[in-house]
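Enquirer: I'd like to ask you about the structure that follows.
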Amino acid sequence: MARACRGHCEAGFTYLGLLILVAILALATSATLTLGGIVQRREAEERLLDVGGAYRKAIASYLNSSPAGDRRYPGALADLLRDPRYPGVRRHLRRLYPDPISGSNEWGLVAAPGGGIMGVHSLSNAKPIKVADFDLENEAFEEATRYTQWVFVVRLAGRGSGAIPPLGGRSLTPAPALTPPSPVPAAAAMFAPPGGTAAP
């Protein structure tokens, strides 16, 4: 009788230990999958910054290589692969890249005020993991709450206000133009007394 009870108790403890072990393994697996998902998302974000930067540079290259009197944005992303304004093959981008976040070949396009495409953005409404430490050209992304607000845009300086149509609930405006300070002759700066009047 005692042996039978002891056998049942040992079997019960073994079963309980097995359940605890399975629960621990399940938690560890779940944590690993979650961590792996975060790592993959961070890698996709870095890829989005690289690809978006490539599109921005290609649009700027297209704009800056415009023939005289025909300065304009590309009419389609395909124009970056082969510039239709020139008889020969002129490329501004190697190939059209997919959106690293959604995996889709479709991008959100930012229309230029005078026609054409002045920028691209992801169509994903997911919340970004990266919220700080962006490069200067992407510093506006720090305020973004979804990837659609990571807008890679090229502004044409000197055309009206250059305001970009509202996108994703935010109105984007260009940075003010920088004016270089007026040069001071080296001799005048060297011999200027503390009062601020140049020596004769």
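Enquirer: Can you tell which of LEU49, LEU80 is within 23 Å of PHE152 (Cα to Cα), touching a Ser or Thr at 6+ places or on another chain (Cβ under 9 Å) and at pLDDT 95 or above?
Expert: LEU80
Enquirer: For region 45-79, name all the residues that are surrounded by fewer than 20 Cβ atoms within 10 Å (Cβ to Cβ) and small (Gly, Ala, Ser).
Expert: The answer is GLY53, ALA54, ALA60, SER61, SER65, SER66, ALA68, GLY69, GLY75, ALA76, ALA78.
Enquirer: So SER122 clears everything in (1) open to solvent by 10 Å² or more (accessible area, probe 1.4 Å); (2) closer than 28 Å to SER65 by Cβ except one condition, right? Which one?
Expert: (1)
Enquirer: Against the definition (open to solvent by less than 50 Å² (accessible area, probe 1.4 Å) and of a type in the set (A, V, I, L, M)), how does ILE129 come out, yes or no?
Expert: Details: open to solvent by less than 50 Å² (accessible area, probe 1.4 Å): no; of a type in the set (A, V, I, L, M): yes.
The answer is no for ILE129.
Enquirer: Could you check how many residues of region 106-151 are closer than 19 Å to GLY75 by Cβ and not β-branched (Val, Ile, Thr)?
Expert: Result for region 106-151: 13.
Enquirer: Out of (1) assigned to a loop (DSSP other than H, G, I, E, B); (2) open to solvent by less than 60 Å² (accessible area, probe 1.4 Å); (3) under 20 Å from ARG146 (Cβ atoms), the odd one out for GLU106 is which?
Expert: (2)
Enquirer: Mind listing just one residue for me: the one in region 83-100 that is among the hydrophobic types (A, V, I, L, M, F, W, C) and open to solvent by 40 Å² or more (accessible area, probe 1.4 Å) and, of those, modelled with the lowest pLDDT?
Expert: Within region 83-100, the first condition is being among the hydrophobic types (A, V, I, L, M, F, W, C), and the residues that meet it are 89, 93, 96.
Narrowing further to those that are open to solvent by 40 Å² or more (accessible area, probe 1.4 Å): 89, 96.
Details: VAL89: 88, LEU96: 96.
If we take residues in region 83-100 being among the hydrophobic types (A, V, I, L, M, F, W, C) and open to solvent by 40 Å² or more (accessible area, probe 1.4 Å), then VAL89 is modelled with the lowest pLDDT.
The values are calculated or read from the model by the stated rules, or taken from the named source; none is laboratory data. In this text the structure is predicted, and so the values were computed from the model without any measurement. Note: ideal-geometry Cβ built from the backbone for every residue, glycine included; neighbour counts use all protein chains shown. These area figures cover heavy atoms from the full protein model, side chains too; ligands, DNA and RNA do not enter into them. Shrake-Rupley method; radii C 1.70, N 1.55, O 1.52, S 1.80 Å.
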